[in-house]
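The values are calculated or read from the model by the stated rules, or taken from the named source; none is laboratory data. This structure is a prediction, so every number in the text was calculated from the model and none was measured. Note that each Cβ is placed from the backbone with ideal geometry, even for glycine, and that neighbours are counted across all protein chains shown. Note: accessible area is taken over every heavy atom of the protein model, side chains too, but ligands, DNA and RNA are not part of it. Shrake-Rupley method; radii C 1.70, N 1.55, O 1.52, S 1.80 Å.
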Amino acid sequence: MSVPSLDQCASESAIVSRLRAAGCVFAEDEARMIMSAAADAAELEEMVERRVVGLPLEHVVGYAEFCGLRIEVDAEVFVPRRRTEALVRMAAELAPARAVVVDLCCGSGALGVALAAALDEVELYAADVDPAAVRCARRNVAPAGGEVYEGDLFAPLPVGLKGRVDVLLSNVPYVPTVEIELLPAEARDYEARVALDGGVDGLTVLRRVVAEAAEWLAPGGVLLFETSERQADDAVAAVGGAGLLARVATDDDLDATVIIASRPDTT
């Protein structure tokens, strides 16, 4: 284990002070991440300045830690939240062997990649409407053996997937439009609005997903998506109206509310 030099210690101390003054709660951890990611002193200074003015840490260093994996995250791409790890764990418990997995509204592709890492012999597909997200997701998903498509919801997916999807992950935007301005500046100012805005009541995109989900899911296949606690009842009603069976699952430690919807297996 190498011992940091006095210059390195002084530099880290100065960076911690700058980050703390900018309001970074975990300034020590962030300083170490930034210092590890920077190739030289000039890049280090640039990265610290970007963080100080408010860019998300993940956009500054170029990656996010998610389910124990390092997921590349480009500028303006939605940063995977730690609470969403609950959704991945729930999906892993429900997935059959050799699962066909689709990550819809995939952003960086974090959910599909994390689920693939937790399972064996996954057939993985992902899609997003945002070209920047698709470019980012391809770098994350390709090493897992998956494919990423650009387009609106199910539209770009191969037609041959209809009726074959065992696990459909859909981290749809669910923030009501009028509440976007209430989000932390890191999300509001630096993540693509299409990844945040869920329409008037936050469930507009979700309703479009559940309207088509049944024809893509295999018999007994499951759809999992995250929502807020106050939206859960309306989300369950939307799922039921689309002919799927729904239940609410929560993770108090991660403050996560997940809807698990399934296509009835009538075979």
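Side notes on the structure shown:
- Here CYS105 passes the criteria (1) touching a Leu at 6+ places or on another chain (Cβ under 8 Å); (2) in contact (Cβ under 8 Å) with a residue 60 or more places away in the chain; (3) over 19 Å from LEU217 (Cα atoms); (4) open to solvent by 10 Å² or more (accessible area, probe 1.4 Å) except the one numbered (3).
- Selection of first residues in segment 200-224 that are more than 14 Å from PRO173 (Cβ to Cβ) and of second residues that are of a type in the set (A, V, I, L, M) and open to solvent by 60 Å² or more (accessible area, probe 1.4 Å), restricted to Cβ pairs under 6 Å at least 6 apart or on distinct chains, gives the following pairs, ordered by first then second residue: VAL222/LEU94.
- Of the residues making up segment 111-141, those that are charged (D, E, K, R) and either crowded, with 24+ Cβ neighbours inside 10 Å or touching a helix residue (DSSP H, G or I) at 6+ places or on another chain (Cβ under 6 Å) (or both) are ASP128, ASP130.
- Restricting attention to segment 51-87 and to residues that are in a helix (DSSP H, G or I) and without any contact (Cβ under 8 Å) to a residue 40 or more places away in the chain, the residue that is nearest to the chain's Cα centre (by Cα) turns out to be GLU58.
- Residue in segment 194-202 that is within 23 Å of GLU93 (Cβ to Cβ) and aliphatic (A, V, I, L, M) present: no
- Residue in segment 19-37 that is touching an Asp or Glu at 6+ places or on another chain (Cβ under 8 Å), open to solvent by less than 50 Å² (accessible area, probe 1.4 Å), β-branched (Val, Ile, Thr) and in contact (Cβ under 8 Å) with a residue 24 or more places away in the chain present: no
- The C-beta contact set for segment 184-195 (first residue open to solvent by less than 40 Å² (accessible area, probe 1.4 Å), second residue not in a loop (DSSP other than H, G, I, E, B), distance under 6 angstrom, 6+ apart or interchain) comprises ALA192/GLU76.
- Subset of segment 62-78 [under 21 Å from TYR174 (Cβ atoms) and open to solvent by 10 Å² or more (accessible area, probe 1.4 Å)]: CYS67, GLU76, PHE78
- Listing of helices (runs of 4 or more DSSP H) fully contained in segment 157-267 that carry 3 or more residues being within 28 Å of PRO96 (Cα to Cα): 204-216, 232-241
- Segment 200-242 - residue that is among the small types (Gly, Ala, Ser) and closer than 19 Å to GLY151 by Cβ and, of those, surrounded by the fewest Cβ atoms within 10 Å (Cβ to Cβ): ALA211
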